[in-house]
Amino acid sequence: MPGQPSFSEGNIVAATAMFVEVLVVGIGTLAALFILIASSLGIQQIRHLSDILGSPLAVSLGLAFAYTLGILVDRAMDISLSPIRRHLRAIHFPSGRSYTEARISLARDPTLVARAEYARSRMRVCRGWLFNAVVGTAAIDVLITQVAHTREVGFLILATSLGLALITACFATWWSITATGYRKLAEQAMLLR
């Protein structure tokens, strides 16, 4: 139909992938918030709410809220990591113009575009889960201190250690994917010229 945007199969797949990325990040954020709420209200109060929380309406609202949280976390992490991202980009692209030109030249090859999109998808998930790992670790630590009758230090140390390992892994993976993406873009743009 004239005047209406057309959606190619590739656009639909890309939109679906971004929806899933945002939802995956948002579900992690929602889980961390739920843990914080559970630790402040107490596990017994949450058990009383289990019938309500398991209802189809609550699940639907939870997914919608998770999606919204995912969008907010994605934008916040993009902004907070942008100085590092700009530094990594400057290694291969001395100006914004050279970067834009490289992206335009890459856009001519659908296979390279698909690979770049896949890399960006993984990068966005790692970026979002970096936030979730920080918030989730703090939430689990609070829950352990609230629930453990003896204030079990071993569980707290284990949870914190695992959380720090996840934080480190998410940041290192984000860094690696981002740096590799810029390097490959620069190489591919030179070959396409």
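The values are calculated or read from the model by the stated rules, or taken from the named source; none is laboratory data. Every value quoted in this text rests on a predicted model; they were computed, and no experiment measured them. Counting neighbours? That spans all protein chains shown, and the Cβs are built from the backbone with ideal geometry, glycine included. The area values use the complete protein model at the heavy-atom level, side chains included, leaving out ligands, DNA and RNA. Shrake-Rupley method; radii C 1.70, N 1.55, O 1.52, S 1.80 Å.
Axis angle, to the nearest 10 degrees, between helix 96-106 and the longest C-alpha principal axis of the chain: 80 degrees. Note on the chain: with charges restricted to the Cβ of Lys and Arg (+1) and Asp and Glu (-1), its dipole about the Cα centre is near 700 debye. Between THR180 and SER95, what FRET efficiency comes out of the Förster formula 1/(1 + (r/R0)^6) with R0 = 25 Å and r the beta carbon distance, rounded to 0.05? The pair SER95/THR180 has a calculated efficiency of 0.75.
Taking a Cβ cut-off of under 15 Å around ALA38, the surrounding Lys, Arg, Asp and Glu residues balance to a net charge of 0, with basic ones at +1 and acidic ones at -1. Computed extension length for THR145-TYR118: 5.7 nm, one decimal, from 0.36 nm per residue of separation with the Cα-Cα distance subtracted.
Karplus-based coupling profile of the range 114-124, in residue order and whole Hz: 4, 5, 5, 5, 4, 4, 5, 4, 5, 4, 5, with θ = phi - 60° in 6.51 cos²θ - 1.76 cosθ + 1.60 and x standing for Gly or Pro.
Computed from phi, the 3J(HN,Hα) profile of the range 20-26 under the Karplus parametrisation 6.51, -1.76, 1.60 (θ = phi - 60°) reads 5, 4, 5, 5, 4, 5, x Hz, with x in place of Gly and Pro. Estimated from the Cβ-Cβ distance and a Förster radius of 45 angstrom, the FRET efficiency linking GLU187 and ALA31 is about 0.70.
Of the peptides 108-117, 176-185, the ranking by mean beta-carbon count within 10 Å, highest at the top, reads 176-185, 108-117. In percent, rounded to a whole number, the relative contact order of the chain is 32, using alpha-carbon pairs under 8 Å and six or more apart.
Count the net charge of all other residues whose Cβ sits under 14 Å from the Cβ of CYS126, scoring Lys and Arg as +1 and Asp and Glu as -1. In short, +2. Think of a 1.4 Å ball rolled over the protein heavy atoms: the chain then has 64 Å² of accessible area per residue. Estimated at 0.36 nm per residue, the fully extended path between LEU158 and SER50 surpasses their Cα-Cα distance by 36.1 nm. Can you give me the % of accessible surface on the range 76-193 that is carbon or sulfur? Probe 1.4 Å, all protein chains present, nothing else counted. Here carbon and sulfur together make up 67 percent of the probe-accessible area.
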